[in-house]
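All remarks here apply to the structure that follows.
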Amino acid sequence: MKERELIEAISNKAVHADNRLLVYGIGDDCAVTRKDDNTVLLYTMDTLIESVHFEPAWHPAVMLGRKSVSVNVSDIAAMGGTPQFVLFSLALPPGFDDDWALQLCDGVTEGCTHYGCTLIGGDTVASPAGITMSLTVVGEMAAELVLYRHGARAGDIIYVSGPLGRAAAGLELLKRGFRDRDLFAGFYRAHLDPRARVDLGQKLAATGVVNSMMDLSDGLATDLAHICKESCLGAVIYQKQLPFDPALREAAALLDHGCTAKNPVDQEMLRWMIGGGEDYELLFTAPPRATKKLQEVMAISGELLYPVGKMIIGSGVMLVPTDLQKYGKEVPVEFLGFDHFSH
């Protein structure tokens, strides 16, 4: 059974009781419940496992602690909300390093402070092998401003909030032993110590013109496919419009080792930009008429937004490669992201 099949099975088995407080359950970045007539609560949870999500040999404990908070808070940002409370569960193997564990907890505390949320409890247990941590974050926001994945409309412009592929490149560089190159410092940081776009998420929600939104945790192709599925639409993205850090090309060239593709550097860059995860930028859609409003809001805040495609009638995600854009040709994007149960 694949991961998404298991998630669907769990969702189907969930008891959908008539709970007047439930606004939205399984299927988005956060579950949503009603707090009062005007306010909702947002709930998200994520788990990080040694040798799956991080390697202690080159992931500093303080940064890992901060990252564990950021990746959860990013789900709150994806709905447009404000993080409030954190629950932290930590499983440690026999003979764990006391200093490492305390530095990890320092990082969790720093992450909570950075986002203005409070650690209110959790659990500590022994693990037979390897380190595991899980965080639950509770957020809050105005009920009428919540942004879901299912709100996209045909003709919407697809936006991302920053360069793509940085975290994927950083991970690959670290895995291959290139760990101390100043040129790639931003890539290392993107993977080791990401930041959730909370302020931007709130600004976008407040505009009232965004139709759908989520964060880029699994990569553009995979996450956009979620918006497509939930909105019963398709999407076209244009390679030429994908934003990237110029150093991405340098990283791809450095890691190229006998690749037989026609343009190996370009192919590796594209793989990172549409298939690489953990960018934690925001992915959202808005109608063309909203362009001016978004530009005004971004001009005031100093943020940048990048239009990368459009929502269309149909299904799935299509890519228009740079070398085919003048011909209007599209190719399907089959990349479905990392599967925890794939062999």
| task | Evaluate segment 236-244: report whether one residue or more is closer than 30 Å to ARG181 by Cα, of a type outside the set (Lys, Arg), modelled with pLDDT of 95 or more and touching a Phe, Trp or Tyr at 6+ places or on another chain (Cβ under 6 Å). | result | yes
| remark: Of the residues in segment 133-149, those that are more than 30 Å from ALA91 (Cβ to Cβ) and not in a helix (DSSP H, G or I) number 5
| request: Return yes when GLY111 is assigned by TED's automatic domain parsing to the domain that holds LEU254, surrounded by 16 or more Cβ atoms within 10 Å (Cβ to Cβ) and modelled with pLDDT of 95 or more and no when it is not. | output: no
| request: Just give me the residues in segment 274-329 being charged (D, E, K, R) and in contact with a helix residue (DSSP H, G or I) (Cβ under 8 Å, 6 or more places away or on another chain), in sequence order. | output: GLU278, ASP279, LYS293, GLU303
| remark: All conditions in (1) hydrophobic (A, V, I, L, M, F, W, C); (2) without any contact (Cβ under 8 Å) to a residue 60 or more places away in the chain; (3) touching a strand residue (DSSP E or B) at 6+ places or on another chain (Cβ under 9 Å) are true of ALA154 except (2)
| task | Take GLU330 and decide whether it is touching a strand residue (DSSP E or B) at 6+ places or on another chain (Cβ under 8 Å), at pLDDT 95 or above and acidic (Asp, Glu). | result | no
| request: Identify all residues within segment 83-116 that are touching a helix residue (DSSP H, G or I) at 6+ places or on another chain (Cβ under 7 Å) and not aromatic (Phe, Trp, Tyr); write none if there are none. | output: PRO83, VAL86, LEU92, GLN103, LEU104, CYS105, ASP106, GLY107, VAL108, GLU110, GLY111, CYS112
| query | Is it the case that some residue within segment 252-269 is part of a helix (DSSP H, G or I), modelled with pLDDT under 95, closer than 29 Å to ASP156 by Cβ and under 19 Å from the mean Cα position of the chain (by Cα)? | reply | yes
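The values are calculated or read from the model by the stated rules, or taken from the named source; none is laboratory data. Every value quoted in this text rests on a predicted model; they were computed, and no experiment measured them. With ideal geometry, Cβ positions are generated from the backbone for all residues, glycine too; neighbour counts draw on all protein chains shown.
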